[in-house]
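Notes to accompany the following structure.
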Amino acid sequence: MSGTTRRTHRCGELRAEHVGQLVKLGGWVHRRRDLGGIVFIDLRDRAGIVQVAVGPDAPEEVRRSASGLTGESVVEVFGKVVARPADMKNPELATGDIEVHATKLVKVGSAVTPEIPVARAKSEELPAEELRLKYRHLDLRRPEMQANLILRHRLLQRARKTLSDLEFLEIETPILTKPTPEGARDYLVPSRVHPGECYALPQSPQIYKQLLMVSGFDRYFQLARCFRDEDLRYDRQPEFTQIDLEASFVGAEDVQGFVEAVLTALWDEAGHAVERPFRRITWQESMERYGTDKPDLRYEGLAIVDWTAQVESLGVPFFAAHKDGARVRGLAVKGGGALSRKDVDQLAETAKQFGGAGLAWVKRQGDQLSGSVAKHFSLEALGRLGVGDGDAALMTVGPDRVTSPVLDKVRQELIRRLAPPPARPHAFCWVVDFPLFESEPGTGRPVFAHHPFTAPHPEDVAKLDREPLACRALHYDAVYNGHELGSGSIRITEPALQRTVFRHLGLSPQETEARFGFLLTALAAGAPPHGGFAVGFDRVAMLLAGAGSLRDVIAFPKTTAARALFEGAPAPARPEDLAALHIQVTA
Ligand code: ASP
């Protein structure tokens, strides 16, 4: 399969079964070792590395070319596959049972000294990421990066096959489009032929996939490139890939079933067996027990508890200072007795950083209690919190909106420090019944929690006008080991309800018409019940590759400052191009 007119095999494909065969290879010089009489060349291509030996009986010109080879030059080799003597085998290398004795060796591509190393000892640190991104063509040659992108390819193919087998149709939607609200800013593309007008790059194919449902395609998917201009955090990229899907005549469980089929197939592709169906937990319960909407259920036993009633009579000043809607919530930490004073101080610091009041703590060792509020507790009082010998209670106080994120962070930090054994290695769950709106920090204005096409929970539609913030949505997230893998929802199909939601978001009827009139027109033309989902594919690939960053599974990613260092984008536009686009730069 890998054979062409210039080669018979890939370097990394050769095995003991090829012994005796004459082969033609092409690859990069990974390392070269000159042992005087014999030169060993590790020749590398995407399949791996093979050792090429140029010994004393090799033709003179081969020995000459081999001795002058520098790292990363490209050579073509003709030679014979030979079994290595038992004591020369290299179990670290898939090709380690054999080597190729070269009878012809031609340098077909010279290489300057590489700016960053490709061959690297396992213990050697990677070059600074800026350099890796700047010299991406070299960084991508590293076997780890090759493996990541090969896995990415396999995952994409598997997603495509799984959905196609489930009768989903792959349909492409436009890249030059109208804004899709997904909570970020749009990347705009100014029109040359229509002065002052812009296309937007899609934040997602959301509206188009709903239009496809109205048009009767009933199951759609796309490996969709999406663009969001947002403040970049460590795990975001301005352009990214979603496995985007939508289906008609479905309820939330049907969509979740399709997504589970895709996710379990992807995990299987990476060699992990995963059970279905995934657990379901409501947003409310997730916030109550884990302080977050992406709970890490590998450690579901370490859950937040409300201790307001249990500690009320103890007269702890730290708790009494906070009244009015404040609850005392905390974590009963099995084995928390092992936490040092310093550990707890650092956890309390984490709590403060996230805006909390700090942490109160008590730990028990034998009959001894210690900690910041230990003197207020008896063994029985601590026992009522579920804290036994060798355990600790960490507590904080305040309104839920403050304590939930604090306890989430403290919980994550505890897991990191105490490394308790996980109940299961792959903890998937569905977080369901999200609120329809969130109140915007600062203004308190309702903003949509998912996107404005999400249907309200049928039991809460009546609340839409009176108390919109109490209205739940048919919105669900897939969560894996504390990572959000994607979001989806059942959609609004009634134009009147869709208009009401836009009104709650502060859009005037004119704005609604101008921005979403085409969707409302389509919904009025006979819309089937429908819903969908989008898997954040880059994150899935990162998790399955065991990579530390999204940038390790994207061939040409942007930096956290949204720059492409390799090709140098964005770049100043030429004045004549700006003029053609009717743009004047004011800053
Ligand atoms: N369009 C949504 C998103 O990008 C996913 C969906 O609701 O299907 O998050």
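The values are calculated or read from the model by the stated rules, or taken from the named source; none is laboratory data. Quantities reported herein were computed from a predicted structural model and do not represent experimental measurements. Virtual Cβ from ideal backbone geometry, glycine too; neighbours counted across all protein chains shown. To get the accessible areas, we keep the full protein, side chains included, count just its heavy atoms, and leave off ligands, DNA and RNA. Shrake-Rupley method; radii C 1.70, N 1.55, O 1.52, S 1.80 Å.
In the P(r) worked out for the stretch 275-345, what percent of Cα pairs fall beyond 19 Å?
Result for the distance tail: 53 percent.
Angle, helix 252-269 long axis vs. longest principal axis of the chain, Cα atoms, 0 to 90°, nearest 10?
30 degrees
Heavy atoms of the protein only, probe of 1.4 Å, neighbouring chains included. What is the accessible area of R33 in Å², nearest 10?
90 Å²
Over the stretch 279-363, average the accessible area per residue using a 1.4 Å probe and give it in Å², no decimals.
Result: 48 Å² per residue.
Could you give me the ³J(HN,Hα) list for the stretch 478-486, computed from phi with Karplus coefficients 6.51, -1.76, 1.60 and θ = phi - 60°, whole Hz, x at Gly and Pro?
Values, residue by residue: 9, 10, 9, 6, x, 10, 7, 8, x Hz.
Can you list, bin by bin at 5 Å, the percent of alpha carbon pairs in the stretch 210-367, starting at 0?
P(r) for the stretch 210-367, in whole percents per bin: 2, 6, 9, 12, 15, 13, 10, 9, 9, 7, 5, 2, 1, 0, 0.
Report, in degrees rounded to the nearest 10, the 0 to 90 angle that the Cα long axis of helix 143-165 makes with the longest principal axis of the chain.
It is inclined by approximately 60 degrees.
Just from the alpha-carbon atoms, what are the Rg and Dmax of the stretch 155-224 in angstroms?
14.7, 46
Could you pull the accessible area for E61 with a 1.4 Å probe, rounded to 10 Å²?
Near enough 110 Å² of accessible area.
For L436, which sequence-distant residues (separation of 5 or more, or a different chain) have an amide H within less than 5 Å of its own amide H, given hydrogens modelled in the peptide plane?
C471, R472, A473
Classify the chain as rounded, prolate or oblate, taking a ≥ b ≥ c as the square roots of the eigenvalues of its Cα gyration tensor: rounded when a/c is under 1.5, otherwise prolate if a/b is larger than b/c and oblate if not.
Taking the square roots of the gyration eigenvalues as a ≥ b ≥ c, the chain is oblate.
Can you pull the percent of the stretch 9-94's accessible area that's carbon plus sulfur, 1.4 Å probe, other chains left in place?
53 percent
Can you work out the Karplus-derived ³J(HN,Hα) for every residue in the stretch 527-532? Use 6.51 cos²θ - 1.76 cosθ + 1.60 with θ = phi - 60°, whole Hz, and x for glycine or proline.
Calculated HN-Hα couplings, in order: 9, x, x, 8, x, x Hz.
Apply the Karplus parameterisation 6.51 cos²θ - 1.76 cosθ + 1.60, with θ equal to phi minus 60°, to every residue of the stretch 543-550 and state each ³J(HN,Hα) to the nearest whole Hz, in sequence, with x for glycine and proline.
After applying 6.51 cos²θ - 1.76 cosθ + 1.60, I find 5, 6, 7, x, 8, x, 8, 4 Hz.
Leaving out ligands and nucleic acids, note down the accessible area per residue over the stretch 440-558 with a 1.4 angstrom probe, in whole Å².
The answer is 38 Å² per residue.
Is the shape of the stretch 209-259 rounded, prolate or oblate, going by the alpha carbon gyration tensor and its root eigenvalues a ≥ b ≥ c, with a/c under 1.5 for rounded and a/b larger than b/c for prolate?
Note, shape of the stretch 209-259 comes out prolate.
Please express the Cα-Cα pair-distance distribution P(r) of the stretch 252-300 as a list of whole percents, one per 5 Å bin, running from 0 to the bin with the greatest distance.
Per 5 Å bin, starting at zero, the Cα-Cα P(r) for the stretch 252-300 comes out as 5, 18, 21, 19, 22, 12, 3 percent.
Give me the orientation-averaged projected area of the Cα convex hull of the stretch 167-208, in nm², one decimal.
Projected over every direction and averaged, the Cα hull of the stretch 167-208 covers 3.6 nm².
For the stretch 461-587, rounded, prolate or oblate, judged on the Cα gyration tensor with a ≥ b ≥ c (square roots of eigenvalues), a/c < 1.5 rounded, else prolate if a/b > b/c? Intermediate values should be presented prior to the final figure.
Values: a/c = 2.56, a/b = 1.28, b/c = 2.00.
Since a/c reaches 1.5 but b/c is at least a/b, the shape of the stretch 461-587 is classed as oblate.
Using only Cα atoms, tell me the angle between helix 509-523 and the longest principal axis of the chain; keep it within 0 to 90° and round to the nearest 10.
70 degrees
For the chain, what does the relative contact order come out to in percent, with C-alpha contacts under 8 Å and a separation of six or more?
Relative CO of the chain lands at 13 percent.
Where does each of L347, L418 land when they are ordered by accessible area, with a 1.4 Å probe and the largest first?
If we order L347, L418 from most to least accessible, we get L418, L347.
Could you state the accessible area per residue of the stretch 34-192 in Å², with a 1.4 Å probe and every protein chain left in place?
Per-residue accessible area for the stretch 34-192 comes out at 54 Å².
To the nearest 20 debye, what is the magnitude of the charge dipole of the chain about its Cα centre, counting +1 on the Cβ of each Lys and Arg and -1 on the Cβ of each Asp and Glu?
Dipole magnitude for the chain comes out near 1320 debye.
On the accessible surface of the stretch 422-504, probed at 1.4 Å, how many percent belong to carbon and sulfur atoms?
Carbon and sulfur: 52 percent of the exposed surface of the stretch 422-504.
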